[in-house]
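The values are calculated or read from the model by the stated rules, or taken from the named source; none is laboratory data. In this text, all values refer to a predicted model and were calculated from it rather than measured experimentally. With ideal geometry, Cβ positions are generated from the backbone for all residues, glycine too; neighbour counts draw on all protein chains shown. Only protein heavy atoms, including side chains, enter the accessible area calculation; ligands, DNA and RNA are left aside. Shrake-Rupley method; radii C 1.70, N 1.55, O 1.52, S 1.80 Å.
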Amino acid sequence: MTPIANQILIFDDDEDILSICSYILEDEGYQVKTFINSDDVVNRVTALNPALIFMDNWIPGGGGVGAVQQIKSDPNLSHIPVIYFSAHLDIEELSVKANADAFLAKPFDLNKLVNLVKAYVSN
């Protein structure tokens, strides 16, 4: 199944982050789907088949590390790039532990967000 070329999933329990990221990325031409927990993450990702995923560290439903590990351990999903994003001081270490493709420390510059997305997704 080919990923939807410009679709991005964002998993974060902070509604302000979801709103800001959605607004900025949709303005750039991306389709954005958001989730406030990581419940049933493999089935959600499988159903939507995005081009990119953002995963928060402190997401309800098992946490970001576990959610990314589930995605990356599934042979049908492991190719999807995951950007780990959090205000956690050890974000780089957590992103490696999770097997994420990149990380973005909160708070982040909106241009950095857009440039990181463009590095992984063409729209």
Output for region 97-114, where each listed residue is touching a residue at least 24 places away in the same chain (Cβ under 8 Å) and on the phi < 0 side of the Ramachandran plot: K97, A98, A100, L104, K106, L110, L113, V114
Region 43-58: number of residues that are assigned to a helix (DSSP H, G or I) and under 12 Å from the mean Cα position of the chain (by Cα): 1
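Tell me yes or no: at least one residue of region 42-49 is open to solvent by 70 Å² or more (accessible area, probe 1.4 Å), aliphatic (A, V, I, L, M) and within 16 Å of D74 (Cβ to Cβ).
yes
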Search result, residues across region 24-39 that are surrounded by fewer than 17 Cβ atoms within 10 Å (Cβ to Cβ), of a type in the set (S, T, N, Q) and assigned to a loop (DSSP other than H, G, I, E, B): N37
Region 8-23 - residue that is over 11 Å from the mean Cα position of the chain (by Cα) and of a type outside the set (A, V, I, L, M, F, W, C) and, of those, surrounded by the fewest Cβ atoms within 10 Å (Cβ to Cβ): D16
Within region 59-123, helices (runs of 4 or more DSSP H) holding 2 or more residues that are open to solvent by 80 Å² or more (accessible area, probe 1.4 Å) and of a type in the set (S, T, N, Q): 64-73, 110-120
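Each row is one residue, and each column tells you yes or no for (1) modelled with pLDDT of 95 or more; (2) in contact with a Lys or Arg (Cβ under 9 Å, 6 or more places away or on another chain); (3) of a type outside the set (S, T, N, Q).
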| position | (1), (2), (3) |
| --- | --- |
| D39 | yes, no, yes |
| R44 | yes, yes, yes |
| D56 | yes, yes, yes |
| V65 | yes, yes, yes |
| K72 | yes, no, yes |
| L77 | yes, no, yes |
| S86 | no, yes, no |
| K97 | yes, no, yes |
